[in-house]
Amino acid sequence: MKRRTFAGAARGTRALVASAAFVALYSLSGAGALAGQEAHTCEDRAGLRIEVLDATGMVRVSGADVRIRWVDVVRSPVRRGAGDDGRLMFCAPRDATQATVWVEARDGSSEQASVDLVRGETSTVELRILAEDNPGRLEGRVFDAVTKDPITTAAVTVAGRRGAIETDRWGRYILTGIPAGAKEFEVRRMGYEPLEYVVTVKPGLTTQVDIGLVPDPVEMEPLVATTVRSSTLESNGFYERRYWGEMLGVGEFLTPEYLERWRPMRMSQLLEQHTMLHPRLVRGGPTPGTFGGCVQVYLDNINMNNLDDGAGNSFTLDSVLLPSEVAGVEVYRASTSLPAGTMRFGVGRCGLVLIWTR
């Protein structure tokens, strides 16, 4: 059996797809489920067939970045490109029962669709790219301002977007397809003081808004932390790896805010003093800034260990890069602990350093 839902429609065509948008924001289990003829190919697992369309729903869009986040299980998010026909087929983890799906492209993004997964069945989701205003995204977590524990099922709403999104078991939420500009942001949860906040949505970028709600009737101000994410780091998957890496205790991550705070003078100083790398690995070469044989260093996907100046001498990070040019750094003790999406960078038990420039 195949079931279908929709997400995203251009403003000029919203009246034609209002019922479809309603289904996308809430669930597949209600109105809008359509029978289909495609065969289920995931055996006893739930299947997702994603179709990426333009705002009119008439033209398929190839190569768009499809995102799948599992709501109820601890699994890394999926990030894959749609095929030449604008489609992507994916088999869900066996223990996943819900997923949030959206798509991002160079010219915009879709609204997200909430999908109920049924083992042995394939659900088809149509995602329509909203490109009229190059919309942005809001993402973050909601937590108890006193205990710092995540708050589940908090209702998150923003002006200009229909319906509310509930936080998951880790207090996370994401709102996609938000028109750029100042927006009224509201968070409500029974037992907590409601929060109303004005946030500026940047076109084409993700703004992270972390909210600390105050238990009612505790008298204190709510906590709000707002950060506009680096588009370079986001496009390279830095923030997703950071979230799961910190949750699972895998890797170390230096953000733009951290680098701006400490402002090291040299790259060797940055890695020696601000990461878990042992200084002898950073000083492993004949000159400062080169690395020992058990550290693989990639600069914007280029393996620095394999480069030389033509005379047989290895390049050093100190000679080619300043800390002020760095957007973010990832450090992993061994490739056996690499998160999803980074296994292409190395094998064995050596450390791995990924450096991303601005």
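Summary table below
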{"item": "Only one of ARG119, ARG128, ARG162, ARG169 that is touching a residue at least 24 places away in the same chain (Cβ under 8 Å), under 26 Å from MET247 (Cα atoms) and among the charged types (D, E, K, R)", "result": "ARG169"}
{"item": "Residue check for GLY249: at positive phi, at pLDDT 75 or above and surrounded by fewer than 16 Cβ atoms within 10 Å (Cβ to Cβ)", "result": "yes"}
{"item": "Matching residues in region 44-81 - criterion: being open to solvent by 20 Å² or more (accessible area, probe 1.4 Å) and in contact with a Cys (Cβ under 8 Å, 6 or more places away or on another chain)", "result": "ARG45"}
{"item": "Matching residues in region 230-240 - criterion: being open to solvent by less than 60 Å² (accessible area, probe 1.4 Å) and either among the hydroxyl-bearing types (Ser, Thr, Tyr) or in a loop (DSSP other than H, G, I, E, B) (or both)", "result": "SER230, THR232, ASN236, GLY237, TYR239"}
{"item": "Residue in region 133-153 that is free of Cβ contacts under 8 Å to residues at least 40 places away in the same chain and closer than 18 Å to GLY63 by Cβ present", "result": "no"}
{"item": "Selection count, region 106-155, where residues are touching a Ser or Thr at 6+ places or on another chain (Cβ under 9 Å), of a type in the set (D, E, K, R) and farther than 24 Å from GLU43 by Cβ", "result": "6"}
{"item": "Candidate set: region 128-164, residues that are of a type in the set (A, V, I, L, M, F, W, C) and open to solvent by 20 Å² or more (accessible area, probe 1.4 Å); chosen: the one nearest to LEU205 (Cα to Cα)", "result": "ALA131"}
{"item": "Residues that are open to solvent by less than 10 Å² (accessible area, probe 1.4 Å) and out of contact with any strand residue (DSSP E or B) (no Cβ under 6 Å at 6 or more places or on another chain), drawn from region 93-113", "result": "none"}
{"item": "Hits in region 180-225 (condition: out of contact with any Phe, Trp or Tyr (no Cβ under 7 Å at 6 or more places or on another chain), more than 17 Å from ASP144 (Cα to Cα) and open to solvent by less than 20 Å² (accessible area, probe 1.4 Å))", "result": "VAL201, THR206, THR207"}
{"item": "Subset of region 326-358 [open to solvent by 80 Å² or more (accessible area, probe 1.4 Å) and either farther than 16 Å from ARG242 by Cα or at pLDDT 60 or above (or both)]", "result": "ARG333, THR336, ARG344, VAL347, ARG349, ARG358"}
{"item": "Condition check for TYR243: surrounded by 14 or more Cβ atoms within 10 Å (Cβ to Cβ), modelled with pLDDT of 85 or more and of a type outside the set (Gly, Ala, Ser)", "result": "no"}
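The values are calculated or read from the model by the stated rules, or taken from the named source; none is laboratory data. Predicted model, so just to flag it, every value in this text is computed and none were measured. Note: ideal-geometry Cβ built from the backbone for every residue, glycine included; neighbour counts use all protein chains shown. Calculation scope for accessible area: heavy atoms of the full protein, side chains included, ligands and nucleic acids excluded. Shrake-Rupley method; radii C 1.70, N 1.55, O 1.52, S 1.80 Å.
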